[in-house]
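Take a look at the structure below.
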Amino acid sequence: MKVIPGLEGVAVAETDVSLVDGERGRFVYRGHWVRDLAVSRRFEEVVHLLWYGHLPSMEEERRFGRLLSEHRELPPHVKEIIDQIPAKTDMMSVLRTAVSALPVTGSWPPAPEQAAAVLGAIPAIIAYRHHRMQGTPMPKVQRDLSHTSHYLYLLKGTAPTVAHERALEAYLILTAEHGMNASTFAGRVVTSTQSDLLSALTAAIGALKGPLHGGAPSEVEGMLEAIGSVDKVESWLRARLEAGERLMGFGHRVYKTVDPRAEALRRVSQELAGEDPWFQLALETEKIALSLLEEYKPGRRLYTNVEFFAAAVLRAVGLPKQLYTPTFALSRTAGWCAHILDQAEHNRIIRPQSLYTGPIPATS
Ligand code: CMC
């Protein structure tokens with residue numbers, strides 16, 4: 001038996017949900033290029049593709065949109081639980097707690113209707129807590145807006161511009177699913193014990209929260225804030241690398257070439273943020289970081305990852321930093337649920353082994 005640190009290069013499931021080809025930069029959801037889905041489809045259509053295996057007909061899309069929108073209103077007990085959580089608690093922890101309290105049946109095997117009840121409610125959880133913390137009123141739930149529009153509407157109180165809706169929709173589609181990442185694996189492990197959907201999703205949310213996974217975009221923004229201006233980029237980054245620190249928004253376990261999601265989001269943020277000084281600082285930081293990573297970590301093939309430009313898009317559509325990772329959780333719930341359904345369909349308990357390195361007691 002051999003230990004593979006971080007399970008690098010280990011395949012733990014066969015799946016037709018998605019292909020993440022880190023050598024050739026190919027990224028596919030169920031037979032469709034994700035870059036094409038991001039510019040031509042709505043989030044609801046892509047979620048339908050991930051859960052049911054095909055893009056919906058117009059009638060299926062209408063029905064699926066209605067199914068999601070039925071869960072937009074938070075039950076009173078969930079609001080009460082959110083209100084009890086201390087103000088200093090971060091939004092991902094609030095989301096984890098609130099999701100576990102949703103009135104979703106725990107019956108096995110999990111079904112898309114259960115998944116829709118969670119995905120439909122997540123925007124309201126985030127928005128409700130956000131308004132409580134800001135002391136602003138939560139807008140009245142609307143039924144006729146798309147999932148993406150409704151999320152922005154709940155946060156801001158007015159329906160978004162088409163440009164903001166399309167930018168966020170591209171982000172949500174590009175980050176909806178990404179193979180056997182840490183949070184998806186966590187969700188599949190829980191599901192493999194025949195536990196319920198909410199338990200699997202709360203495990204996944206917990207895994208996504210870490211800065212090495214979904215917590216990176218707010219760290220990217222923090223990095224740019226700390227750098228402050230274009231003339232300080234090189235000295236700031238060099239000091240971090242000299243100290244042996246990691247640069248947030250760079251490197252990936254699977255991508256040893258350009259992350260196609262980063263490329264797509266760069267274009268989206270360029271369209272929205274263009275000449276904005278913050279965006280110019282981001283571009284300069286990326287350029288210098290890539291050359292310094294080559295200098296300090298030669299041969300490691302470290303490229304810009306999705307989180308770098310995720311920060312740019314989410315900022316450009318007006319989201320505050322503390323909502324970046326929760327918004328990632330909103331989109332990734334689609335992929336988590338696809339994998340949870342997939343795991344349940346072909347289930348075998350996930351039960352690896354460990355290699356004991358301690359002493360053996362003397363025989364009596
Ligand atoms: N900055 C500086 N050095 C790095 C970075 C980085 N961002 N990423 C990896 N390295 C170095 C690392 O120090 C190691 O060097 P050495 O060979 O001298 O020990 C080498 O590259 C290989 O790193 P690793 O830790 O074996 O790589 P990994 O596959 O275990 O980690 C990662 C992948 C994403 C956790 C890592 O690249 C990282 O910490 N990046 C920064 C955090 C980040 O941006 N996370 C978002 C990831 S994308 C969203 C998602 O899919 O979750």
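The values are calculated or read from the model by the stated rules, or taken from the named source; none is laboratory data. Predicted model, so just to flag it, every value in this text is computed and none were measured. Note that each Cβ is placed from the backbone with ideal geometry, even for glycine, and that neighbours are counted across all protein chains shown.
Residue count for the range 292-331 satisfying the condition of being within 13 Å of the ligand (Cβ to nearest atom), polar (S, T, N, Q) and assigned to a helix (DSSP H, G or I): 2.
Being part of a helix (DSSP H, G or I), over 26 Å from Leu152 (Cα atoms) and not hydrophobic (A, V, I, L, M, F, W, C) narrows it down to one residue among Gly65, Gly6; which is it?
One residue alone meets the criteria, Gly6.
Out of all the residues in the range 40-62, which are outside any loop (DSSP other than H, G, I, E, B) and in contact with a helix residue (DSSP H, G or I) (Cβ under 7 Å, 6 or more places away or on another chain)? Within the range 40-62, Phe43, Glu44, Glu45, Val46, Val47, His48, Leu50, Trp51, Tyr52, Glu60, Glu61 qualify. The conditions of being of a type in the set (Asp, Glu), over 18 Å from His48 (Cβ atoms) and without any contact (Cβ under 8 Å) to a residue 24 or more places away in the chain are not met by Glu73. Annotation: of all residues in the range 202-219 being assigned to a helix (DSSP H, G or I) and out of contact with any Ser or Thr (no Cβ under 7 Å at 6 or more places or on another chain), the one that is nearest to the ligand (Cβ to nearest atom) is Ala216.
Are any of the residues in the range 78-86 within 25 Å of Gly206 (Cβ to Cβ), within 19 Å of the chain's Cα centre (by Cα) and either aliphatic (A, V, I, L, M) or in a helix (DSSP H, G or I) (or both)? For the range 78-86, residues within 25 Å of Gly206 (Cβ to Cβ), within 19 Å of the chain's Cα centre (by Cα) and either aliphatic (A, V, I, L, M) or in a helix (DSSP H, G or I) (or both): absent. Just checking, does the range 123-145 include any residue being assigned to a helix (DSSP H, G or I), touching a residue at least 40 places away in the same chain (Cβ under 8 Å) and under 25 Å from Val39 (Cβ atoms)? For the range 123-145, residues assigned to a helix (DSSP H, G or I), touching a residue at least 40 places away in the same chain (Cβ under 8 Å) and under 25 Å from Val39 (Cβ atoms): present. So in the range 220-240, with the set limited to residues that are in a helix (DSSP H, G or I) and either in contact with an Asp or Glu (Cβ under 8 Å, 6 or more places away or on another chain) or on the phi > 0 side of the Ramachandran plot (or both), which one is farthest from the ligand (Cβ to nearest atom)? Once the filter is applied, the top-ranked residue is Val230.
Leu198: more than 16 Å from the ligand (Cβ to nearest atom), among the hydrophobic types (A, V, I, L, M, F, W, C) and not assigned by TED's automatic domain parsing to the domain that holds Ala311, yes or no?
So Leu198 fits the description; yes.
The residues in the range 171-201 that are of a type outside the set (A, V, I, L, M, F, W, C) and in a loop (DSSP other than H, G, I, E, B) can be counted, and the count is 9.
Taking the listed residues Leu68, Leu49, Leu37, Leu95, the one that is without any contact (Cβ under 8 Å) to a residue 40 or more places away in the chain and under 19 Å from the mean Cα position of the chain (by Cα) is Leu49, with no other qualifying. The single condition among (1) within 10 Å of the ligand (Cβ to nearest atom); (2) out of contact with any Asp or Glu (no Cβ under 8 Å at 6 or more places or on another chain); (3) among the aliphatic types (A, V, I, L, M) that Ala282 does not satisfy is (1).
Residues that are in contact (Cβ under 8 Å) with a residue 40 or more places away in the chain and of a type in the set (Ser, Thr, Tyr) within the range 216-248 comprise Ser218, Ser229, listed in sequence order.
Taking into account only those residues within the range 249-265 that are without any contact (Cβ under 8 Å) to a residue 60 or more places away in the chain and not in a helix (DSSP H, G or I), which is surrounded by the most Cβ atoms within 10 Å (Cβ to Cβ)? My answer is Phe250.
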